[in-house]
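Here is the structure we will look at, set down as structure tokens.
The values are calculated or read from the model by the stated rules, or taken from the named source; none is laboratory data. This is a predicted model, so every value here is computed, not measured. Cβ: placed from backbone, ideal geometry, glycine included. Neighbour counts: every protein chain shown.
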Amino acid sequence: MLSSDNQDIDSSTGETLGQYLRRERELRKVSLEEISRETKIHINFLAALEIDNYERLPGHVFVRGFLKAYAHFVGLDFNDIMLRYDLQNQAIKNHDTSVSSISFLKWGEKTRYIVAALVAVFLVILAAYLSSQ
């Protein structure tokens with residue numbers, strides 16, 4: 001189920017991947033600073049994982065690597081983490097596709113007006129040129 005802020009919530013637990021990661025980390029009494037120091041992943045990237053803010057992360061391949069290192073350090077099952085991530089990522093992609101198709105339609109409307117304005121300007125210039133001949 002896609003929530004309003006682009007986070008897929010696990011229907012069995014009612015939490016996003018980021019919320020799950022944070023809960024598990026806190027249960028084990030591990031700080032983000034510890035994970036950052038040992039994995040060499042910047043703390044801002046780890047924090048972005050825990051709040052499901054994938055836009056702040058460098059890319060899909062890096063996210064997978066960050067999740068693998070995070071899961072290994074905290075003691076979580078990497079396959080479970082990746083399953084959760086893939087499900088959440090697919091829901092976000094589906095939402096983004098529908099939003100981008102709406103944006104494309106709006107861009108199409110803008111393009112029509114721009115083309116019409118350019119044609120009108122061209123006709124005015126052409127008329128002015130022909131009348132001066």
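For this structure, a couple of remarks:
- Any hit, the range 3-11, residues being modelled with pLDDT of 95 or more and aliphatic (A, V, I, L, M): no
- Filter result for ASP80 (outside any helix (DSSP H, G or I), at pLDDT 85 or above and of a type in the set (D, E, K, R)): no
- Failed item in (1) more than 17 Å from THR16 (Cβ to Cβ); (2) hydroxyl-bearing (Ser, Thr, Tyr); (3) in contact with a Lys or Arg (Cβ under 9 Å, 6 or more places away or on another chain), with THR39 passing the rest: (3)
- Of residues in the range 52-76 being among the β-branched types (Val, Ile, Thr) and surrounded by 14 or more Cβ atoms within 10 Å (Cβ to Cβ), the one nearest to GLU34 (Cα to Cα): VAL74
- Set LEU49, LEU32: member being surrounded by 16 or more Cβ atoms within 10 Å (Cβ to Cβ), under 12 Å from TYR85 (Cβ atoms) and not aromatic (Phe, Trp, Tyr): LEU49
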